[in-house]
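Engineer: For reference, the structure I am asking about is given below.
The values are calculated or read from the model by the stated rules, or taken from the named source; none is laboratory data. Keep in mind that what you see is a predicted model, and the values were worked out from it rather than measured. Here Cβ is always computed from backbone atoms with ideal geometry, including for glycine, and neighbour counts include all displayed protein chains. With ligands, DNA and RNA removed, areas are computed over all heavy atoms of the protein, side chains included. Shrake-Rupley method; radii C 1.70, N 1.55, O 1.52, S 1.80 Å.
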Amino acid sequence: MAGLPIAEHRSMPLPEYPGDAFNTAGSREGQQVTSVAALLRKSATVLCSPDLQQSAGAWNGAEWEQISLAVHRLSTNGVHYRWVKRLLDILIVCSFLPCLLPLLLIVAVIVRISSPGPILYRQRRIGRFGREFELWKFRSMYVDSDEILRNHLQINDEAAREWAQSRKLKMDPRVTRLGNLLRRASLDELPQFINVLAGDMSLVGPRPIVSAEKAQYRDAYFFYASARPGLTGLWQVSGRSNLTYHQRVALDEEYIRGWNLALDIQILWRTARVVCQSKGAV
């Protein structure tokens, strides 16, 4: 869409800094940056790729300080993000509750009678600071979806390549007929408003990822972990599932680096239009 370009995934340069700007032990900023560096080191130890673990271990102290200072200076560490954005999330969700509750009940009943299995689906995702949380959705797949996917990828090379590239399938055999309709209208994501009220997610933010995706994010993971995942985001109003995986990663990083409240409001407005038009939904 105009005004929200699709960024190519690339390693963006980190800001330069004076060598003694935060090395003073007594400075408040020095303590904060040291704390962020410790968080990043801890995050690197759980990255899934052995190559990435090796490269992280090879970083020297100055490189760690550079990364930590870049994260520390992000607007997602400011008061507006921590308090104003959080308050805005709560106010918007609560204002829509009279409409949301009946819709949630209707969708829950339809899911229950459409196919055997639980109404809700939950999965562990990575949240702010690398903390895991339970993400909730209306179930849109068959109960034995993991086995269905495994068998499908074994006999379909093209689908296997598509899954390896984007972790999504345009023709997903796991999804029920009702699930396809729910996904096109984004109704399967309605329970995530619970995650927003709980503080695990925000209305706008990076796409919530699973632990196995940390390695694919590489350096961008450190920026991802500085923000709450979002119900919608820059990637969703820039093509959704029509984007490649690396484009989605780049858009997440771009959003976090340039975050401000005006951008959130713009994304929320465009999300309504994208959902109504069912663009890029899978």
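Engineer: Could you please find all residues in region 98-127 being open to solvent by less than 30 Å² (accessible area, probe 1.4 Å), part of a helix (DSSP H, G or I) and farther than 20 Å from Arg177 by Cα? Break it down into steps so the answer makes sense when it comes.
Structural biologist: To start, the set of residues in region 98-127 that are open to solvent by less than 30 Å² (accessible area, probe 1.4 Å) comprises 100, 107-108, 111, 115, 117, 126-127.
Narrowing the set further to residues that are part of a helix (DSSP H, G or I) leaves 100, 107-108, 111.
Hit for region 98-127 is Leu100, nothing else.
Engineer: Could you list, in sequence order, all residues of region 103-138 that are of a type in the set (S, T, N, Q) and in contact with a Gly (Cβ under 6 Å, 6 or more places away or on another chain)?
Structural biologist: Within region 103-138, none qualify.
Engineer: Yes or no: Leu190 surrounded by fewer than 21 Cβ atoms within 10 Å (Cβ to Cβ) and of a type outside the set (S, T, N, Q)? Please lay out each step first, then the result.
Structural biologist: Numbers: surrounded by fewer than 21 Cβ atoms within 10 Å (Cβ to Cβ): yes; of a type outside the set (S, T, N, Q): yes.
Spelling it out, Leu190 is indeed surrounded by fewer than 21 Cβ atoms within 10 Å (Cβ to Cβ) and of a type outside the set (S, T, N, Q).
Engineer: Moving on to the next point. Among the residues of region 224-274, which ones are under 18 Å from Ser186 (Cβ atoms), open to solvent by 40 Å² or more (accessible area, probe 1.4 Å) and of a type in the set (A, V, I, L, M, F, W, C)?
Structural biologist: Leu268, Trp269, Ala272
Engineer: Looking at (1) closer than 12 Å to Gly127 by Cα; (2) modelled with pLDDT of 90 or more; (3) of a type outside the set (Val, Ile, Thr), which is the one condition that is false for Leu190?
Structural biologist: All conditions are met except number (1).
Engineer: Taking region 221-253 as the region of interest, how many residues are under 24 Å from Glu134 (Cβ atoms), outside any loop (DSSP other than H, G, I, E, B) and of a type in the set (A, V, I, L, M)?
Structural biologist: 2
Engineer: Please verify whether Arg174 is without any contact (Cβ under 8 Å) to a residue 60 or more places away in the chain and either surrounded by fewer than 17 Cβ atoms within 10 Å (Cβ to Cβ) or basic (Lys, Arg) (or both), treating the condition exactly as stated.
Structural biologist: yes
Engineer: The conditions are (1) at pLDDT 90 or above; (2) surrounded by 14 or more Cβ atoms within 10 Å (Cβ to Cβ), and Leu91 fails exactly one of them. Which is it?
Structural biologist: Only one criterion is unmet by Leu91, namely (2).
Engineer: Looking only at region 56-81, filter to residues that are loosely packed, with under 12 Cβ neighbours inside 10 Å and not aliphatic (A, V, I, L, M); which one of those is modelled with the lowest pLDDT?
Structural biologist: Of all residues in region 56-81, those loosely packed, with under 12 Cβ neighbours inside 10 Å come to 57-58, 60-62, 79.
Checking the rest, the ones that are also not aliphatic (A, V, I, L, M) come to 57, 60-61.
Values: Gly57: 46, Asn60: 53, Gly61: 57.
Filtering region 56-81 for residues that are loosely packed, with under 12 Cβ neighbours inside 10 Å and not aliphatic (A, V, I, L, M), the one modelled with the lowest pLDDT comes out as Gly57.
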